[in-house]
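First the structure, in the form of structure tokens, and then the observations on it.
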Amino acid sequence: SEDQLSDSFETGRRSKLPVPKPDTGDISLWNLLYKNIGKDLSKISMPITLNEPLSMLQRLCEELEYNELIEKAVGLEDPYERMIHVAAFAVSSYASTGYRAGHKPFNPLLGETYECDRPDKGWRFVAEQVSHHPPISACYCDSKNFIFWQETRIKTRFWGKSMEIQPVGIVNLVLPKWNEQYRWNKVTTCVHNLLGGQRWVDHYGEVNITCGDITCKLTFKKASSWSSKRHEIHGHINNPEGKVVHHLSGKWNEALYCGSHHGGNHHQATSKLVWRPGAMPDDFELYYGFTRFAIELNELDPDDAKTLPPTDTRFRHDQRLLEEGKIHDAENEKTRLEHLQRERRKKRETEGLDYSPMWFK
């Protein structure tokens, strides 16, 4: 169709996954989770039907979808204006999660890598799974105007009807032009209605962004059962003396606004829009709730295939099979890969060898 041509023409990348998400029941899931209430789920092998066909390393890359906010920040003279856009960038990394409550990313195998070179976006990204227990992913991205890196350890807890995901680690962004380094943390994510009903995602907690003496505090409000309000954020940017310079408000899945502080109440009428997420592709519900950008992440370009290392996520068979809708084969392959990983670990232990990552210190 004309539409599909124009879609793939823009970036030259695919605009659809190979097949819609297979329809699978979650009956066995209930028993599995029930036995593990309160435990850290990263040590438990989950059925593949709980996964989406992207890995944690690709999810880290996905956080760069709205890098134009960083590009815009670099062009601004006012450091507080730069902080507004960096804050919007930090918020934008949550936007895609709104439609993704149904599934979790693959846990990368130890030593798994993911490289993404996007001349159209002006950056190059590399990530590696540097530890298996606890699961830690590291990534680095560079561009003409910025350097971005983070390491994240994921802790998951299952509370009966919901699962809480706590990322531990710091996100770093350097703007060489201004000789600035921004640092921030991530909030807690909770997936509700795991065992029935419509699954939905909530993020809550505080993101604290620092850059020299300038700070930004963003509060992600926890949704409550007695209020219909969800996804709300509010925050402020403070000068070195602790005075509020700008107010931020909005929803992580809809828009972020900034209003200057003139005493009294500020209304959205006086606020200006800083960021809003892009439109979702057609039929996104059938395709794991992926954005256009997410759809492109696991595409294996034949030219890339010649130069990528064998450890790249795009070569991971179980994930590829899931993407192609071959559930049974994917499950078998996942079991095989996890078994091989355990064997490698045992071998290292008996030989007294420490594991050291390939690309990160």
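The values are calculated or read from the model by the stated rules, or taken from the named source; none is laboratory data. Just so we're clear, the structure is a prediction, and the values are computed from it rather than from any experiment. Cβ sites come from the backbone with ideal geometry, for glycine too, and all protein chains shown count toward neighbours. Remember, those area values only see protein heavy atoms, side chains included, never the ligands or the DNA or RNA. Shrake-Rupley method; radii C 1.70, N 1.55, O 1.52, S 1.80 Å.
In region 108-123, how many residues are farther than 15 Å from E296 by Cβ and either modelled with pLDDT under 95 or not hydrophobic (A, V, I, L, M, F, W, C) (or both)?
Number of matching residues: 5.
Only residues that are loosely packed, with under 15 Cβ neighbours inside 10 Å and modelled with pLDDT of 95 or more: list them for region 179-195, please.
Within region 179-195, N179, Q181, R183 meet the criteria.
Would you check if T307 is within 26 Å of C139 (Cβ to Cβ), touching a Leu at 6+ places or on another chain (Cβ under 6 Å) and not hydrophobic (A, V, I, L, M, F, W, C)?
Details: within 26 Å of C139 (Cβ to Cβ): yes; touching a Leu at 6+ places or on another chain (Cβ under 6 Å): no; not hydrophobic (A, V, I, L, M, F, W, C): yes.
So T307 fails the test.
For the structure I just gave you, tell me whether V207 is of a type in the set (A, V, I, L, M, F, W, C), over 30 Å from E77 (Cβ atoms) and either in contact with a strand residue (DSSP E or B) (Cβ under 6 Å, 6 or more places away or on another chain) or assigned to a strand (DSSP E or B) (or both). Steps first, answer last, please.
Working: of a type in the set (A, V, I, L, M, F, W, C): yes; over 30 Å from E77 (Cβ atoms): no; either in contact with a strand residue (DSSP E or B) (Cβ under 6 Å, 6 or more places away or on another chain) or assigned to a strand (DSSP E or B) (or both): yes.
No, not satisfied.
Do we have any residue at all in region 46-57 that's open to solvent by 30 Å² or more (accessible area, probe 1.4 Å), closer than 25 Å to W149 by Cβ and either modelled with pLDDT under 95 or not acidic (D, E) (or both)?
Within region 46-57, one or more residues are open to solvent by 30 Å² or more (accessible area, probe 1.4 Å), closer than 25 Å to W149 by Cβ and either modelled with pLDDT under 95 or not acidic (D, E) (or both).
Where the second residue is among the acidic types (D, E) and outside any helix (DSSP H, G or I) and the first is within 24 Å of H247 (Cα to Cα) and lies in region 56-85, which pairs have Cβ atoms under 8 Å and are six or more apart or on separate chains?
P79/E180; R82/E180
Of all residues in region 85-125, which are in a strand (DSSP E or B) and crowded, with 19+ Cβ neighbours inside 10 Å?
The answer is K104, P105, F106, T113, Y114, E115, C116, W123, F125.
Could you give me the residue pairs with C-beta distances under 6 Å whose first residue belongs to region 329-344 and is part of a helix (DSSP H, G or I), whose second residue is open to solvent by 80 Å² or more (accessible area, probe 1.4 Å) wherever it lies, and which are 6+ apart or on separate chains?
Sorted first by the residue in region 329-344, then by its partner, the pairs are E333/H317.
Got a sec? Which of L353, L286, L300 is open to solvent by 70 Å² or more (accessible area, probe 1.4 Å) and in a loop (DSSP other than H, G, I, E, B)?
L353
Check whether at least one residue in region 245-254 is modelled with pLDDT of 95 or more, hydrophobic (A, V, I, L, M, F, W, C), in contact with a strand residue (DSSP E or B) (Cβ under 6 Å, 6 or more places away or on another chain) and loosely packed, with under 14 Cβ neighbours inside 10 Å, and report yes or no.
no
For the list (1) at pLDDT 95 or above; (2) part of a helix (DSSP H, G or I), I need the number of the one condition that P240 fails.
Only one criterion in (1) at pLDDT 95 or above; (2) part of a helix (DSSP H, G or I) is unmet by P240, namely (2).
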